[in-house]
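Single-structure report; data block below.
Every number here is computed from the coordinates shown, using simple stated rules; none is lab data. These numbers come from a predicted model, not from an experiment. A quick note on method: Cβ atoms are made from the backbone with ideal geometry, for glycine too, and the neighbour counts reach across all protein chains shown.
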Amino acid sequence: MALARIRVLPPEVARKIAAGEVIERPASVVKELVENSLDAASHYVWVDLWDGGKRRIVVTDDGEGMEPEDAKLALLRHATSKISAEEDLFAIKTLGFRGEALAAISAVSHLTLTTKTKGGPGTRVLAEGGEIKELFQVGAPQGTRVEVQDLFFNLPARKKFLKGVQTELAHCMEVVLRMALAYPEVGLYLKHNGRPLLRLPPVKDLRVRLGSVMGKEALPFLIEVRGEEEGRVVEGWISKSSFVRGNPKGIYFYVNGRYVRDRLLSHALLEAYRGTIPKGSYPVAVLFLKVPPEEVDVNVHPTKTEIRFRKADLIWRLFEDTLSKALSRPLSEQTPLGPVPPPEVKEEVSGYARGAPAPESGELGFVGPKWRPLGQVLGTYIVAEGNGGVLIVDQHAAHERIIYERLRKREGDQDAQRLLVPLLIELRKDELRLLMEQTEELAASGLHLEPFGEQTLAVKAIPSFLRPHEVKGFLQELAQDLSEGSKGKGEIREKIWALMACKGAVKANTPLSREEMERLLRDLASIPHPYTCPHGRPVFIELDRKELERRFGR
């Protein structure tokens with residue numbers, strides 16, 4: 001079959017294609033318009049939605065406004081006041097810069113733009129399907145008002161794929177909440193079908209916004225973090241390991257004031273929590289990264305939420321080191337959020353608007369009154385009383401975490417117990433080869449090995465907490481892990497620690513004396529991450545007085 005001749009697309013088709021890259025749903029419209037309002041130095045921004053934004057969207061601000069000629073140009077593609085030359089692309093300091101937002105929105109909707117500068121005339125522009133229909137002067141307050149109706153009226157296929165009203169509304173809400181964290185000095189208000197859902201007046205202290213956006217229940221579990229390297233700064237708040245959620249919706253990254261979704265930052269965040277929270281759980285985090293504008297490319301994706309760092313390794317190291325250090329401090333030394341000053345005007349976020357699930361675990365209080373062991377259950381669980389409730393501790397998981405944290409603390413300097421007679425262990429050739437590649441890492445953790453024939457290892461020293469009969473199982477499991485693919489040096493080291501801790505920890509069905517139980521609880525209170533074992537299983541369950549009374553119907 002002969003190929004069709006290449007031809008230039010009609011302007012209206014080209015406009016629709018370009019708009020489809022920027023505007024995916026009502027939330028895309030809200031994002032672009034609110035960003036424009038913030039770039040215009042607005043003090044207040046009002047967002048009104050009807051039917052989740054599918055029927056009508058109105059964004060109003062009290063910003064600088066536009067002159068009549070600028071209002072007309074604003075609806076043309078690649079018309080912008082924010083950059084003027086190629087080199088400006090590498091020093092972007094505004095949220096918008098491409099001059100595509102209003103043009104893209106007008107291409108797929110009926111758009112009305114009303115704007116006025118201080119001392120200038122008010123201007124109204126009517127556009128439909130990307131074409132300006134009318135432009136005339138009107139009376140208007142300073143600022144800009146953009147009304148978008150019948151989104152995707154000329155793209156029925158795209159309109160068909162929009163979700164239900166509540167789903168689209170939730171996406172719009174999330175956009176506004178992201179902006180609220182980055183711009184606490186700006187008042188943000190949102191209504192849906194005339195009903196107020198968000199009321200966030202300007203505040204001087206970001207911590208007030210944290211409570212409104214993240215939920216008041218999260219505040220006691222947030223710790224402050226800050227790190228700096230070569231002029232690059234990361235700061236913000238992350239949750240303690242005891243406060244997790246079942247999804248990553250409570251994670252917010254900002255680079256130079258812009259909300260971003262970035263795999264590099266996500267990986268560094270989760271790496272800092274590795275081994276301290278249950279698998280499938282996510283921390284809460286609000287983190288701001290400041291880097292020289294020329295070191296970040298924000299022009300990677302049409303939505304501008306994906307970025308590329310020019311010095312990715314440095315950024316990853318700064319992020320991971322800062323967060324790991326904050327989390328590795330003992331609980332008593334972690335810097336909490338601190339008392340949140342009351343806002344001058346009460347902030348309101350409806351329960352639906354926040355959409356954040358309750359924490360899956362609360363702060364399980366090891367800082368404060370001591371726990372008093374009452375005894376063991378099934379030879380496996382320690383039951384303790386104190387702190388206004390009952391604590392049930394998995395003795396193996398607790399001891400495992402204690403050993404693991406001690407290994408981490410004494411990295412490269414673990415005490416070793418030299419054996420009078422070397423322990424000879426037979427292994428497969430492939431297992432022996434893999435283990436011999438890690439003799440330095442194993443020695444740093446207190447396990448000294450030497451080859452003794454083609455399939456035998458001579459173990460000359462072991463860590464004091466590891467019993468000789470457990471060494472072979474440890475080595476075989478480690479070899480199995482090593483055979484599953486390439487791992488970095490740090491990951492191998494942590495795998496060694498986790499396996500050693502598991503093998504060396506007190507086992508289930510092991511009776512403990514009262515003194516041993518007391519020591520285990522004391523040791524648990526002294527480490528920074530007492531909540532999970534290195535494999536992510538919970539160490540203990542706390543039942544406070546309120547929960548006990550609820551279960552007994554009191």
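Could you compute the FRET efficiency for residue 513 and residue 314, with r as their C-beta to C-beta distance and R0 at 45 Å, rounded to 0.05? It comes out at approximately 0.30. Available extension along the chain between residue 230 and residue 439 is 71.7 nm, counting 0.36 nm per residue and deducting the alpha carbon span. Among the listed pairs 249/409; 240/546; 460/507; 159/279; 216/495, those with a Cα-Cα distance over 29 Å are 249/409; 159/279; 216/495. Peptides 383-396, 173-186, 136-149 ranked from most to least packed, by the mean per-residue count of other Cβ atoms within 10 Å: 173-186, 383-396, 136-149. Straight Cα distances below 13 angstrom link residue 311 to the aspartates and glutamates 229, 230, 294, 295, 297, with same-chain residues fewer than 8 positions distant left out. Listed by Cβ neighbour count within 10 Å, with the fewest neighbours leading, 406, 209, 519 appear as 519, 406, 209. With a Förster radius of 56 Å applied to the C-beta separation of residue 481 and residue 374, the computed FRET efficiency comes to 0.90. The order of 254, 273, 404, going from fewest to most other C-beta atoms within 10 Å of their C-beta, is 254, 273, 404. Subtracting the Cα-Cα distance of residue 170 and residue 548 from their residue separation scaled by 0.36 nm leaves 132.5 nm.
Sorting 161, 452, 319, 152 from the fewest to the most surrounding beta carbons within 10 angstrom yields 161, 452, 152, 319. With all pairs of separate Cα atoms included, the stretch 450-554 yields a Kirkwood hydrodynamic radius of 17.3 Å.
With a simple spin-label model that places each label point 7 Å from the Cα along the Cα-to-Cβ direction, the separation between residue 274 and residue 325 comes to 2.0 nm.
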